[in-house]
Every structure is written in C-alpha cells, then in structure tokens.
Amino acid sequence: LREPVEYFRQYFHLTLLNHIITESELEAFLGTLLKMGLVPKPRYAMYWSTELRCDAIADAMSRNSKAVLDRESPSYDRLFKIRPLIESIRQSCLRLEQEEYQSIDEEIIPCKGRNKLK
C-alpha cells in the first residue's frame with residue numbers, strides 16, 4: 001500500500017500547485033486571514049471599503065484578485081478558475097493503467113437534478 005500523499009501527488013503535481021497559487025500569494029492570504037481574526041468585521045467587504053478600510057489587508061490582497069470575464073461572451077467558461085486543475089487531473093486519470101474490472105458509481109448515472117454549470 002502506498003502513503004496517502006503519494007495518491008495526492010499522482011493527481012496534483014508540483015507544477016499544478018504552483019499554477020494555482022504562488023508562495024507569496026499563499027503568505028499574503030494567510031496573513032490576511034490572521035489579521036481578519038485580530039480585527040473582526042461583520043462582512044469581508046468592509047476590510048476594503050473606503051470608510052472602514054484596513055490597510056494591512058487591502059494593500060496585501062485586492063478584493064477581486066482576478067478579473068471577472070464577461071459572462072455574455074460566447075467563450076465564457078464558468079469553470080475558468082479551476083480549468084487547469086480539471087485538465088491536470090483528467091490527464092492524470094488518462095495515464096492510469098486500466099483495471100480488469102470496472103465499477104459504476106451512482107453519480108455516473110444521469111439524474112433529473114439541477115446543474116448550475118449548464
């Protein structure tokens with residue numbers, strides 16, 4: 001049996017993790033969380049508002065760190081933020097050796113539930 005971290009690394013390669021977030025972005029995020037714990041406000045937006053701005057937080061991380069794509073555009077992808085993650089995991093799955101016996105989970109079978117991604 002392999003260690004759990006080995007299974008994790010099979011799908012989440014170091015290059016993928018570096019694509020998702022850099023070390024400095026992670027440090028800024030963690031620092032922001034710590035400061036928010038020390039200076040609590042009722043809503044997150046208040047840390048960036050002009051009246052109640054918290055400079056340590058607002059200067060370390062923008063309120064909208066990524067630009068929002070135009071939702072009316074035909075090329076708009078609701079999953080654009082996690083598309084590299086999805087593709088990397090998909091490629092890792094395609095590289096796996098096929099088992100002799102396959103099983104189907106109940107989630108694979110179509111359901112009549114609503115899906116917001118469609």
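The values are calculated or read from the model by the stated rules, or taken from the named source; none is laboratory data. This one's a predicted model, so the numbers in the text were calculated from it and none came from an experiment. Because the Cβ atoms are built from the backbone with ideal geometry, glycine has one as well, and the counts that use them run over all protein chains shown.
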Does segment 44-54 include one or more residues that are modelled with pLDDT of 80 or more and within 26 Å of LYS116 (Cβ to Cβ)?
-> yes
Turns out the helices (runs of 4 or more DSSP H) fully within segment 1-60 with at least 3 residues that are among the hydrophobic types (A, V, I, L, M, F, W, C) and under 30 Å from ARG90 (Cβ atoms) are 14-20, 23-38
